[in-house]
1. Could you tell me which numbered condition A:Val47 fails, if it satisfies all but one of (1) in contact (Cβ under 8 Å) with a residue 24 or more places away in the chain; (2) out of contact with any helix residue (DSSP H, G or I) (no Cβ under 6 Å at 6 or more places or on another chain); (3) of a type in the set (A, V, I, L, M, F, W, C)?
2. Can you confirm whether B:Ser85 is of a type in the set (Ser, Thr, Tyr), modelled with pLDDT of 95 or more and either part of a strand (DSSP E or B) or in contact with a Pro (Cβ under 6 Å, 6 or more places away or on another chain) (or both)?
3. Please work out if B:Asp107 is of a type in the set (D, E, K, R), farther than 17 Å from B:Glu36 by Cα and within 13 Å of the chain's Cα centre (by Cα).
4. Within the range A:1-75, which strands (runs of 3 or more DSSP E) (wholly inside it) include 2 or more residues that are within 11 Å of chain B (Cβ to nearest Cβ) and out of contact with any Pro (no Cβ under 7 Å at 6 or more places or on another chain)?
5. Here are A:Gly110, A:Gly97: which of them is in contact with a strand residue (DSSP E or B) (Cβ under 7 Å, 6 or more places away or on another chain) and more than 18 Å from B:Gly25 (Cβ to Cβ)?
6. Which of the residues that make up the range A:83-94 are under 10 Å from the mean Cα position of the chain (by Cα) and within 13 Å of chain B (Cβ to nearest Cβ)?
7. Working only within the range B:62-94, note down all residues that are over 23 Å from A:Gly25 (Cα atoms) and either surrounded by fewer than 19 Cβ atoms within 10 Å (Cβ to Cβ) or among the aliphatic types (A, V, I, L, M) (or both).
8. From B:Gln20, B:Gln55, which residue is surrounded by 13 or more Cβ atoms within 10 Å (Cβ to Cβ) and closer than 21 Å to A:Leu15 by Cβ?
2 protein chains.
Amino acid sequence: MSNADWPDFSKNELLPAIAQDAETGDVLMMAWMNEEAFNETLATGRVVYFSRSRQKLWRKGEESGNVQMVREIRVDCDGDAIVLSVDQHGGAACHTGKRSCFFNKLDKKGFCDDGVNVFDPKEVYSK
Amino acid sequence: MSNADWPDFSKNELLPAIAQDAETGDVLMMAWMNEEAFNETLATGRVVYFSRSRQKLWRKGEESGNVQMVREIRVDCDGDAIVLSVDQHGGAACHTGKRSCFFNKLDKKGFCDDGVNVFDPKEVYSK
């Protein structure tokens, strides 16, 4: 099994890619990779996704500076999902300025925000 | 924000659902949920996915007995991805009999299997 044919982009051009904080194990975000994004991630050690909304490569952190550096890459049994263990620079993965995108936690009253604010998106993205 | 309109199944009928071991934080698997699967998961506390290959609800563990019981449910900033913290009964999430589906780890030689075998799929699925 070589890198060239694994993960398997033949059935789906975009595969789900899950970024997990290498220190805490928290799931920080879930985005998508095409083969080009995966290969650039491998080549540079810096996580690159494919933005479905912008339809182009998304070099995570290119605007905010909050890049993700790869510690480990795993692919699942079917070869169609990716887990990245990452060092999250700046301490925040989410465009809202929170540490993780998964800050909506279900409790008895519904979903509540228990996210940790790291930066103010108005300051970071208006630059 | 109510459970009824969150997560957001309006743009995508199937949302990625990531199961994370409640004890270790390991990502065990990534599958898909439609609204019916999500609602049944909420109602029963037992994880139900939607199988894309079989095009029907997939009550995880219905054959192997390795059900996943929900400890926590999180939804991301866009409302289109789900993280489930689960108690993995039987200690194995993968149909291969391994603990996690993400047993293909990239090293310098390519992807290698560092999975932990928990059961023999020939014994479990031939019953």
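The values are calculated or read from the model by the stated rules, or taken from the named source; none is laboratory data. Quick caveat: nothing in here was measured; it's all calculated off a predicted structure. So basically every Cβ, Gly included, is an ideal-geometry build from the backbone, and we count neighbours across all protein chains shown.
1. If we test A:Val47 against (1) in contact (Cβ under 8 Å) with a residue 24 or more places away in the chain; (2) out of contact with any helix residue (DSSP H, G or I) (no Cβ under 6 Å at 6 or more places or on another chain); (3) of a type in the set (A, V, I, L, M, F, W, C), just (2) comes out false.
2. On the way: of a type in the set (Ser, Thr, Tyr): yes; modelled with pLDDT of 95 or more: yes; either part of a strand (DSSP E or B) or in contact with a Pro (Cβ under 6 Å, 6 or more places away or on another chain) (or both): yes.
Here the answer is yes, as B:Ser85 does meet what is asked.
3. Numbers: of a type in the set (D, E, K, R): yes; farther than 17 Å from B:Glu36 by Cα: yes; within 13 Å of the chain's Cα centre (by Cα): no.
Considered against the rule, which asks whether it is of a type in the set (D, E, K, R), farther than 17 Å from B:Glu36 by Cα and within 13 Å of the chain's Cα centre (by Cα), B:Asp107 comes out as no.
4. Details: elements: A:15-21, A:27-33, A:48-51, A:56-59, A:68-75.
Here the list reads A:15-21, A:27-33, A:68-75.
5. Details: A:Gly110 fails: in contact with a strand residue (DSSP E or B) (Cβ under 7 Å, 6 or more places away or on another chain).
Result: A:Gly97 is the single residue among A:Gly110, A:Gly97 that is in contact with a strand residue (DSSP E or B) (Cβ under 7 Å, 6 or more places away or on another chain) and more than 18 Å from B:Gly25 (Cβ to Cβ).
6. The initial filter retains those residues of the range A:83-94 that are under 10 Å from the mean Cα position of the chain (by Cα), namely A:83-86, A:88, A:93-94.
Within the range A:83-94, A:Val83, A:Leu84, A:Ser85, A:Val86, A:Ala93, A:Cys94 meet the criteria.
7. Once the filter is applied, which keeps residues that are over 23 Å from A:Gly25 (Cα atoms) and either surrounded by fewer than 19 Cβ atoms within 10 Å (Cβ to Cβ) or among the aliphatic types (A, V, I, L, M) (or both), the range B:62-94 yields B:Glu62, B:Glu63, B:Gly65.
8. Values: B:Gln55 fails: surrounded by 13 or more Cβ atoms within 10 Å (Cβ to Cβ).
The match here is B:Gln20.
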